[in-house]
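Comments concern the structure below.
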Amino acid sequence: MSQSMTYRPEVDGLRAVAVLAVVLSHAGFEWMAGGYLGVDVFFVISGYLITSIVHRQVVEGRFSLHDFYDRRLRRILPALIAVCLVTSVASVIILPPTHLAMYGRNLASVFLFASNIQLSMTGQGYFAPGAAYQPLQHTWSLAVEEQFYLFFPIALFLIHRVAKARISMLLFLGAAMSLGLAQFWVSSHPTSAYYLLPFRAWELLLGAMLALSPSKPSPKDGLWGFWSLAILLGCMMGFSEQTPTPSLVTLLPVFATTALLATAKPHTLVARILSAKILVSVGLVSYSLYLWHQPVFVFTKMATGTHGDVGTKVGSILLSLGLAWMSWKWVEQPFRNRAWLSRHQIYGYSFLGSVLFLAFGLWVHHQEGLKQRLNPLQRAIHDTYREAREGLAYWKQDQWYDANREDCNFYDHLNAPDSPLPRESLTPSCYQRDPTKPFCLLLWGDSHATALSGGIRSALGEHWQILQVTTSACSPQLVASSDPNDRCRFANAFATEVLREAQPDVVVLAQAEGHSDTIFKPLIEGILARGVQRVLLVGPAPEWVPDCPSIAIRLAAQIPPDERTSLGLNLQRVKADAMLASHLKATKELSTRSRYLSLMDYFCSQGKCQVYMAKDPKPILTAHDYGHLTLEAASAFALERILPECAEVEGRGLQKSTMP
């Protein structure tokens, strides 16, 4: 820690709790859904420790910026360079070109300590599906800390010189302003609020305030410490990606962390728990473990083509722990030894390593992920679908936007992609019944319902009107009251009203996940009770790791490629489909006025799912990203599965239903 501070083993134990929460969350253990709060814990600990050291040196008149940044470089860069070296080699071997190009861009930003800014600018949300396949996505937190420490030591030094008595008050004002800004910004710009320093500084400043506060033992320290740890663990298990972060809500785990640091005195039970040898050991390697776990998880998924069962997840965690120990032992420890490496040497090596990685990252990005490695079919797949994995670029293409009626989406991809607030209004043709059309279908759900829109429209013909309320990341629900600050509730209340006023003949429901008969049975019953003749529930689409184009490129390494594969197939979606189909088909309602339409049955057989719709004259895939159907795949499905159901509703037979 520092020779100027008394070593506190319970702080390393708290580090262990933080890093294990992050690792378990990223591994996919749902019971630790709020494990991302481990980073918030790190921010508080960092602010506390660094301020304790800097303030003591300032008071004693021996503070030096050279010494401060010398320690920061020795702490941060050696392990980071080692991880990035191994990760870069593995990325060139494993990652497909589009992912490798994104990796190059991320790598360059890491060594500018600007990865948080880069992620915010590209709109790559922390919880976005693609984030799980970015080996360096987790380095955003390092960027936040280094940006903070560019100015904070100088500010603390100057405040001590000119306003010594007001240090705590000024830190409090800074923290309050940062938290207020976060609370204001997170509702409209959650991605930038999550990543950027102005919205995170309050967590570091709370730790700094604690470092400057007098610490007096209290008989209640043990009780406060125990409950603080319980609250922190409860938040880690109870929070989710829907919890606004950072915000007033995250005050709870941040205050719990601050209270733990303040009350975990050596004589308390919580200090003894956190000082347990196994926790302290993990805490000592926590930085290296944090660095290693993300690339290990990403490459395991990429190499195996699976989200991973429990055994794979545990194996990945153990591998990360092993690499972390080696990194701590043979990289972190030697580089902290000033007798082995002088200040000028650490500055020189740090600068050289940063420049080399910056240049390599920019070159890889400029070379489009070294796509020259690909054969002609692989190149064609890459060129056709590369935009599918670049933010929202694919949604902005005319083919997707117009064919699938994105103007019927309360999530405004084009004008407000970072806002959780609903679009002000939809185009009237999305929800108003046309009296000249004899039949009407309402498409309701999330972006996976949107992906069906163009296919349904092309299959049903002009005598069917297609109404559509499809809001990204919002599952369909019957909702009586609206909330303008909640996009999903607002959209579902609107769809419920459309259902009442338009009185469609057929309702098609579709969503990405959360397929449960306990949810859909009452939803179907509620829709049928409103006079709808037929409810069609479309099951989960085949989902690919990391995405369908990447799997297609891997298959195209051999000519001719297999058209169906289990490689990269998310088996959780396959199981959800089978379970939902079994439960719903057992209900009486499903055999009369509702149907379950399985995308798995249509695109998959014998454990393998279709990847290609066609290869010549250009490759056409079933999905353009991890699971959203292409227009061609949606059209084929709608023609064979949805059209016959609508024809039955018409009562005129399949042949007559296709007449203009």
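The values are calculated or read from the model by the stated rules, or taken from the named source; none is laboratory data. Every value quoted in this text rests on a predicted model; they were computed, and no experiment measured them. Neighbour counts are summed over all protein chains in view; Cβ atoms, including those assigned to glycine, are modelled from backbone coordinates with ideal geometry. Heavy atoms of the whole protein, side chains included, go into the accessibility calculation; ligands, DNA and RNA do not. Shrake-Rupley method; radii C 1.70, N 1.55, O 1.52, S 1.80 Å.
Remarks
- Looking at 653, 627, just one residue is surrounded by fewer than 15 Cβ atoms within 10 Å (Cβ to Cβ), at pLDDT below 95 and among the small types (Gly, Ala, Ser), and that residue is 653.
- Residues being closer than 30 Å to residue 65 by Cβ, touching a residue at least 40 places away in the same chain (Cβ under 8 Å), polar (S, T, N, Q) and buried (at least 23 other Cβ atoms within 10 Å of the Cβ) are represented in the stretch 129-139 by at least one member.
- Qualifying residue in the stretch 566-583 (condition: open to solvent by 50 Å² or more (accessible area, probe 1.4 Å), at pLDDT 85 or above, more than 26 Å from the chain's Cα centre (by Cα) and more than 27 Å from residue 437 (Cβ to Cβ)): yes
- Inter-residue pairs, beta-carbon under 9 Å, first within 16 Å of residue 575 (Cβ to Cβ) and in the stretch 598-613, second surrounded by 20 or more Cβ atoms within 10 Å (Cβ to Cβ) and among the basic types (Lys, Arg), 6+ apart: 600/573
- Cβ-Cβ distances below 8 Å connect the following pairs, each with a first residue in the stretch 158-178 that is free of Cβ contacts under 8 Å to residues at least 60 places away in the same chain, a second residue that is assigned to a helix (DSSP H, G or I) and among the charged types (D, E, K, R), and a separation of six or more residues or different chains: 159/166.
- Lone unmet requirement of (1) more than 27 Å from residue 200 (Cβ to Cβ); (2) more than 23 Å from the chain's Cα centre (by Cα); (3) assigned to a helix (DSSP H, G or I) for residue 72: (1)
- Of the residues making up the stretch 600-624, those that are part of a strand (DSSP E or B) and surrounded by fewer than 24 Cβ atoms within 10 Å (Cβ to Cβ) are 604, 605, 608, 610, 612, 613, 614, 620.
- Between 192, 188, 218, the distinction of being out of contact with any helix residue (DSSP H, G or I) (no Cβ under 9 Å at 6 or more places or on another chain), in contact (Cβ under 8 Å) with a residue 12 or more places away in the chain and either open to solvent by 40 Å² or more (accessible area, probe 1.4 Å) or not β-branched (Val, Ile, Thr) (or both) belongs to 188 only.
- Residue count, the stretch 195-215 (criterion: part of a helix (DSSP H, G or I) and either open to solvent by 30 Å² or more (accessible area, probe 1.4 Å) or within 13 Å of residue 48 (Cα to Cα) (or both)): 12
- Filtered residue count, the stretch 229-243, keeping only those that are within 24 Å of residue 180 (Cβ to Cβ) and either open to solvent by 60 Å² or more (accessible area, probe 1.4 Å) or modelled with pLDDT of 95 or more (or both): 6
- Evaluation of residue 393 against (1) at pLDDT 90 or above; (2) out of contact with any Lys or Arg (no Cβ under 7 Å at 6 or more places or on another chain) (one fails), failing number: (1)
- One residue stands out among those in the stretch 133-162 that are in contact with a helix residue (DSSP H, G or I) (Cβ under 7 Å, 6 or more places away or on another chain) and small (Gly, Ala, Ser): the one that is farthest from residue 294 (Cα to Cα), which is 143.
- Entirely in the stretch 235-324, the helices (runs of 4 or more DSSP H) that have 1 or more residues that are closer than 26 Å to residue 78 by Cα and either under 19 Å from the mean Cα position of the chain (by Cα) or in contact (Cβ under 8 Å) with a residue 12 or more places away in the chain (or both): 277-284, 286-304
- Note on the stretch 65-81: among residues that are open to solvent by 30 Å² or more (accessible area, probe 1.4 Å) and not β-branched (Val, Ile, Thr), the one that is nearest to residue 295 (Cα to Cα) is 75.
- Residue match in the stretch 588-599 (condition: crowded, with 16+ Cβ neighbours inside 10 Å, in a strand (DSSP E or B), at pLDDT below 95 and basic (Lys, Arg)): yes
- Scope the stretch 422-474; condition in a loop (DSSP other than H, G, I, E, B), of a type in the set (Gly, Ala, Ser) and closer than 21 Å to residue 242 by Cα; matching residues: 472, 473
- Per the conditions (1) open to solvent by less than 20 Å² (accessible area, probe 1.4 Å); (2) outside any helix (DSSP H, G or I), the sole criterion not satisfied by residue 119 is (2).
- Residues of the stretch 489-509 that turn out to be assigned to a helix (DSSP H, G or I) and more than 28 Å from the chain's Cα centre (by Cα), as a count: 7
- The stretch 329-369 - residue that is part of a loop (DSSP other than H, G, I, E, B) and under 23 Å from residue 104 (Cβ atoms) and, of those, least open to solvent (accessible area, probe 1.4 Å): 369
- Count of residues meeting criterion [of a type in the set (S, T, N, Q) and buried (at least 23 other Cβ atoms within 10 Å of the Cβ)] in the stretch 473-519: 2
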